[in-house]
Structures are given as structure tokens and as C-alpha cells.
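Novice: My questions will all concern the structure given below.
The values are calculated or read from the model by the stated rules, or taken from the named source; none is laboratory data. These numbers were taken from a predicted model, which means no experiment stands behind them. Methodologically, a virtual Cβ is constructed for each residue, glycine included, from the backbone with ideal geometry; neighbour enumeration extends over all protein chains shown. Just so you know, the surface numbers come from the protein's heavy atoms only, side chains and all, with ligands and any DNA or RNA stripped out. Shrake-Rupley method; radii C 1.70, N 1.55, O 1.52, S 1.80 Å.
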Amino acid sequence: MKNKEVVAKAVFDVVKDDLTIEQVEQLLENPKSAAHGDVAFPTFSLAKIYHKAPQQIANDLAEKIDNTSFEKVEVVGPYLNFFMDKKKVSHEVLSTVIKQGEHYGDFNLGNNSNVPIDMSSPNIAKPISMGHLRSTVIGNSIAFILQKVGYNSIKINHLGDWGTQFGKLIVAYKKWGTEEEVRNNPISELLRLYVEFHEKAEEDPSLEEDGRAAFRQLENNDPEAINLWQWFRSESLNEFNKIYDMLGITFDSYKGEAFYEDKMDEIVELLEEKHLLKEDQGAEIVDLSAYDLNPALIKKRDGGTLYITRDMAAALYRKRTYDFAKSLYVVGNEQSYHFKQLKATLKEMGYDWSDDMIHIPFGLITKDGKKLSTRKGQIVLLEEVLNDAIQSAQDQIAEKNPSLENKEQVAKQVGVGAVIFHDLKTDRLNTFDFTLDEVVRFEGETGPYVQYTYARAMSILRKANFTPDKEKNYALDDEGSWEIVKFVQDYPEMILEAADKYEPSVVAKHAIKLAQAFNKYYGNTRILAEDEQQEARLALVYVVTVLLKEDLRLLGLQAPARM
Ligand code: ARG
């Protein structure tokens, strides 16, 4: 039972006639300082009922309360301060984690129902941006967190592999590109061609029409156009996969926008059947004024379909394929309006399941205070960022632990982990600046710090040659361990919060706090001292390793046992 529940029950037993147990629970507070106990009950609200001063009421209650579950119950002015029985609670908590291992904090909220997660989704022929990195790592972590609470996460990379830009690219390639250059340096060469197209088109607007014509050829399955497109796509995907491999992230599906090309007619037909399509200057739109939104543009004047039309087809496909409980879209907050329109249009069509589509927005990453944009060519190449981070981790390991075996592998886990953790540790809607030095530090609120704490705890267990015994009664009653025990106690609730808010930062923050509490404990306590609580202390260290490792896993980081 949670501490608050234990206290609520004890208080309720003596105020039964005047308050319900829920009312008592609502009144309970978490004291700010440990000197005021673990849970406090303020008596103010009873003053009106008992016609007595709150201080007096606190004294009266203290005398009547059954204090067997507590170390002590203290009266401080109008408050009753409850100090939990540390031995009892620590025993319960430690034995639960030792029994459940990494399944501690698992739930079955979802009954294994499907949750497709639209994530990463970079655009072919362009470098994967910091924004796509955010989508990738946030989506990946949400997939793990939802899995932990009982959903079946399905990670979908909705590649941006369709649209007029591919017509432009085909034109640019035929005019100014060579096969060799694209083979040698796919993304940067394709990007160069794309940028060149836009520069030239400023002087010669007829290029735009050529681009549209080339895209129409693509839509009409012209073999040459299709071949080029397929080639650009697979070269790009190879490059993306290098980054996904470095991040250790996989997908269940790479069905991107092109996959829905032949599924959009149905959408248009359905809209027509439901009399939702309106003509507007030759284009086809759906009126969304009932939702206070601008109309959704479904078909352009030239008959070409749009991003939103493909997203409608994708939503319907996912509903039919997965019968999802929820369908998530981890996409930057600059697309919030698009997702509002998408949901509204589907709702107009009578699809109530559109309520289960959830846009999970996130803020921008800036570098040195500036916004990053691909158009102007100021791109931060992700691969470079990751390689720099790995190099920095390597340097620090060489300094701290030069004799470490598999140094290279650990440096990778730490460097890449640092970038991921940095991205996940702040509320996802926050905008943040990216500075490599800050990301890869072994101290402070970083991934390496959490990993390092885990490795340190593991080394204590190795030194003591400790394995926990499920049958043993481990119990601790010192203040240092109590702080950690409380973090462990809060763990399941933390998981629920992270899942409910789709917020990996909740997990990251818990990991940092737990690591800090553990390091404080480690600094103040002789864990290996040979006294009667040695084994219990080691059990606590073991429990810390279980939770830190699970936190790291949920965030998508590795937990090296030595570093
Ligand atoms: N490719 C798009 C972009 O880079 C993101 C796609 C997001 N997913 C979606 N279903 N619309 O902006």
C-alpha cells in the first residue's frame, strides 16, 4: 500500500463520522522537509465540524490514532505528521522489486490493443533533420512506455516520399545531375539538385511547370520516372538507416506517403458520397468552419492530391489494418494545424475513431540560438552530431577509465545515449538549444551521468558478489536509504504519468533524481561495511540498478555494466 493510503486509513478510523476516506486522502500533504515526516494531515477543515481550534484537534486525534504502522506520529501546531515505519515499508518495496525485476511498474491498461505511432518520417532526398531526430527518439520512447502499460506499439515511419518535390527532383537530376554523384553522396547531392532547382526556377518559372509535369508522370506510373524515384528513395533510405542503426532504433513499417497513392481515390469518393467536397476556384475542399478551422484542401486545381489527402488515406488504412485503440503522430508543433484539420475532416466523414488520433507535438531544437532550416542549407548533419558525441565520450573514457574493455562499444552507447537523453529530458514542448559539450558531460543532468551511476552501482554489486534472495527479509531504517526507497515506491505512479502524458521526460527526470539520490547515499554511507544491514543495503543497490536500467531502456538508451 502507498504511504498516503496507510495514513488515510489510520486517520479515517478516528474521523469516520465526519469525513469519508476520500476526503481524508484529499487533505493529505507531502511535507516539504523530511523533518516533518512522510505524510501530513492538516486539521483546519475539521475545526468547523468539531468547533475546536485545529491545534486542539491535532492533539486529540494523535491520542486516538492507531500508530502501529508508523515510527511515530507527531503533532506540530495544526498538523499531524506521520513518519512511516521505514523497516516495514523498505522491506515491502525491496521485496516487490526483487520479485518483479524489470516488470516492476508494468500495467495492463491497454489489454495489448494496437497503438500505431507515426514517428521519424523524414523526407526522401533531404537530410534527416534535428526535428526528425526528436520525432524518432520521442516516438521510440513513447513506444516503450506504452508497451510497459500494456499496449502493443507499432512504430511507423511515414516517409515523405511523394509529392511535387519529386517531380522537381527528377527534372533537376535530368538537367544537372549524374548517376555517379548521386551514388557517391546521395543525400547531399539530391539536396544540392533540389536547391539548384529552386534557384534556377526563380529566374525561369517554366521549370515549376516541368516539375509538376514530371510529378504527374510519376503519378501515372511512367516507368522512367518511377525508376528514378525508386532509386532516390532507396539511396536516401540507406542513409537514414545508418542513423537509425546508430540510434539503435527500428521500425515496424516504412509505409510512407507514396504507399497511399492508390488509396486516395477512395477518400475522394467517400467525400463525394457524403457530399462533403466543395469546389473552390477549381480546387476541391472540405469546409471546416464548424470546427473553426480553415477548409482542408483535398485536391489541387491540376488534380494533384495533397499531404492531408495522403494522411486521410493513411489514417483509414491504419484503422482498418490495426483497429487501433489510439493512433499517435509524433510530429513537430508547427504541424498542429494540419492535424486539427485532419481529425476534423475525418470526423466530418462520420469516423468517430478520429477522436482516438492524437497529435504529440514537440518544440524546436535550435543551435546557438538559431532555428535550423534545410532550405537555406544550414543543416546540422545528424550523423556528424552523433559521431562528435561518440568521440567526446571516447575522450572522457580514455581519461577516467583507460583500462576499460570494449571501450569503443561503450563510447558508442554513451555518446549516442547522451544525444538521446538530452532530447528527452525536458518537457517535449520546450524549445532547447543544442550544445555538444553540455550534452555529453558525465556530471549534471545527462544521460552519461545516469549510465555512470548505473555502472557504479553494478560495480558495488560485483565487488560484494551479491545476488538478491527472493525469500529474504531485507529492511533498512536509515534516512539515506529512505530517500531512495521513496523514489522506488513512486515508480509505478511515475510510469502511469509518463504514459498518460506521452512524456518521456517524466521518466528521464525520475532517472536523474534516482541517480542523484543514489550518489548522495553512496557518498555518505559505507555500503560494504560489515554490519547486520549490509545485505539490505546491497539489496537496495540492486533495486536501484533494476530501476535505472529500466528507465534507460524506456528512453532508448543502453546501460553498460562498466564504464
Ligand atoms: N514528412 C513530414 C515532415 O518531414 C512529417 C510526416 C509526419 N507524419 C504524418 N503522418 N503527416 O514534415
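Novice: Looking at this structure, is Ala498 of a type in the set (Gly, Ala, Ser) and either surrounded by fewer than 23 Cβ atoms within 10 Å (Cβ to Cβ) or in contact with a Pro (Cβ under 8 Å, 6 or more places away or on another chain) (or both)?
Specialist: Considered against the rule, which asks whether it is of a type in the set (Gly, Ala, Ser) and either surrounded by fewer than 23 Cβ atoms within 10 Å (Cβ to Cβ) or in contact with a Pro (Cβ under 8 Å, 6 or more places away or on another chain) (or both), Ala498 comes out as yes.
Novice: Go through (1) touching a residue at least 60 places away in the same chain (Cβ under 8 Å); (2) surrounded by 23 or more Cβ atoms within 10 Å (Cβ to Cβ); (3) β-branched (Val, Ile, Thr) and name the single condition Thr164 misses.
Specialist: Against the list (1) touching a residue at least 60 places away in the same chain (Cβ under 8 Å); (2) surrounded by 23 or more Cβ atoms within 10 Å (Cβ to Cβ); (3) β-branched (Val, Ile, Thr), Thr164 comes up short only on (2).
Novice: What number of residues in segment 120-141 are of a type in the set (Lys, Arg) and either touching a Leu at 6+ places or on another chain (Cβ under 7 Å) or within 11 Å of the ligand (Cβ to nearest atom) (or both)?
Specialist: 1
Novice: Any idea which of (1) touching a helix residue (DSSP H, G or I) at 6+ places or on another chain (Cβ under 7 Å); (2) crowded, with 16+ Cβ neighbours inside 10 Å is the one Tyr151 doesn't satisfy?
Specialist: The failed condition is (1).
Novice: Can you name every residue in segment 43-54 that is under 18 Å from Phe12 (Cα atoms) and of a type outside the set (Lys, Arg)?
Specialist: Across segment 43-54, the qualifying residues are Thr43, Phe44, Ser45, Leu46, Ala47, Ile49, Tyr50, Pro54.
Novice: A further question follows. What pairs come out if I take residues in segment 126-154 that are over 17 Å from Leu386 (Cβ atoms) and modelled with pLDDT of 95 or more and pair them with residues that are within 11 Å of the ligand (Cβ to nearest atom) and part of a helix (DSSP H, G or I) whose C-beta lies under 8 Å away, six or more apart or interchain?
Specialist: Close Cβ pairs satisfying both conditions: none exist.
Novice: Give just the number: which of (1) over 30 Å from Lys148 (Cβ atoms); (2) part of a helix (DSSP H, G or I); (3) open to solvent by less than 60 Å² (accessible area, probe 1.4 Å); (4) aliphatic (A, V, I, L, M) does Ala40 not satisfy?
Specialist: Of (1) over 30 Å from Lys148 (Cβ atoms); (2) part of a helix (DSSP H, G or I); (3) open to solvent by less than 60 Å² (accessible area, probe 1.4 Å); (4) aliphatic (A, V, I, L, M), only one is false for Ala40: (2).
Novice: Where residues in segment 221-248 are aromatic (Phe, Trp, Tyr) and surrounded by 19 or more Cβ atoms within 10 Å (Cβ to Cβ), which of them is farthest from Gly415 (Cα to Cα)?
Specialist: The extreme case among them is Trp229.
Novice: Here's another thing I want to ask about it. Please work out which residue is farthest from the chain's Cα centre (by Cα), limiting yourself to segment 504-563 and to residues that are outside any helix (DSSP H, G or I) and polar (S, T, N, Q).
Specialist: Gln533
Novice: Take the residues in segment 150-181 that are part of a loop (DSSP other than H, G, I, E, B) and within 16 Å of the ligand (Cβ to nearest atom); name whichever of them is nearest to His103 (Cα to Cα).
Specialist: Result: Asn157.
Novice: Evaluate the following for Ala213: is it surrounded by fewer than 16 Cβ atoms within 10 Å (Cβ to Cβ), among the small types (Gly, Ala, Ser) and in a helix (DSSP H, G or I)?
Specialist: Yes: the conditions hold for Ala213.
Novice: Picking from Glu443, Glu399, Glu405, Glu384, which residue would you name as being open to solvent by 60 Å² or more (accessible area, probe 1.4 Å), without any contact (Cβ under 8 Å) to a residue 60 or more places away in the chain and in a loop (DSSP other than H, G, I, E, B)?
Specialist: Answer to the check: Glu443.
Novice: When segment 267-283 is examined, which residues are found to be without any contact (Cβ under 8 Å) to a residue 12 or more places away in the chain and either open to solvent by less than 30 Å² (accessible area, probe 1.4 Å) or closer than 20 Å to Leu316 by Cα (or both)?
Specialist: Those that are without any contact (Cβ under 8 Å) to a residue 12 or more places away in the chain and either open to solvent by less than 30 Å² (accessible area, probe 1.4 Å) or closer than 20 Å to Leu316 by Cα (or both): Glu269, Glu272, Glu273, His275.
Novice: Specify the residue that is modelled with the lowest pLDDT; the eligible residues are those in segment 22-37 that are under 28 Å from Ser95 (Cα atoms) and in a helix (DSSP H, G or I).
Specialist: Only one residue tops the list, namely Ala34.
Novice: Return the pair list, or none, for Cβ contacts closer than 6 Å from residues in segment 18-29 that are in contact (Cβ under 8 Å) with a residue 60 or more places away in the chain to residues that are surrounded by 15 or more Cβ atoms within 10 Å (Cβ to Cβ), at least 6 apart or on different chains.
Specialist: none
Novice: Sort through Asp437, Asp469 and tell me the only one that's exposed (fewer than 14 other Cβ atoms within 10 Å of the Cβ) and in a helix (DSSP H, G or I).
Specialist: Asp437
Novice: Tell me whether segment 191-210 contains one or more residues that are within 15 Å of the ligand (Cβ to nearest atom) and either within 32 Å of the chain's Cα centre (by Cα) or under 30 Å from Lys367 (Cβ atoms) (or both).
Specialist: yes
Novice: While we're here: Within the group His338, His359, which residue is within 17 Å of Ile138 (Cα to Cα) and at pLDDT 95 or above?
Specialist: Testing whether each residue is within 17 Å of Ile138 (Cα to Cα) and at pLDDT 95 or above leaves just His359.
Novice: Does segment 538-545 include one or more residues that are in contact with a Leu (Cβ under 6 Å, 6 or more places away or on another chain), surrounded by 21 or more Cβ atoms within 10 Å (Cβ to Cβ) and small (Gly, Ala, Ser)?
Specialist: The answer is yes, given that some residue of segment 538-545 is in contact with a Leu (Cβ under 6 Å, 6 or more places away or on another chain), surrounded by 21 or more Cβ atoms within 10 Å (Cβ to Cβ) and small (Gly, Ala, Ser).
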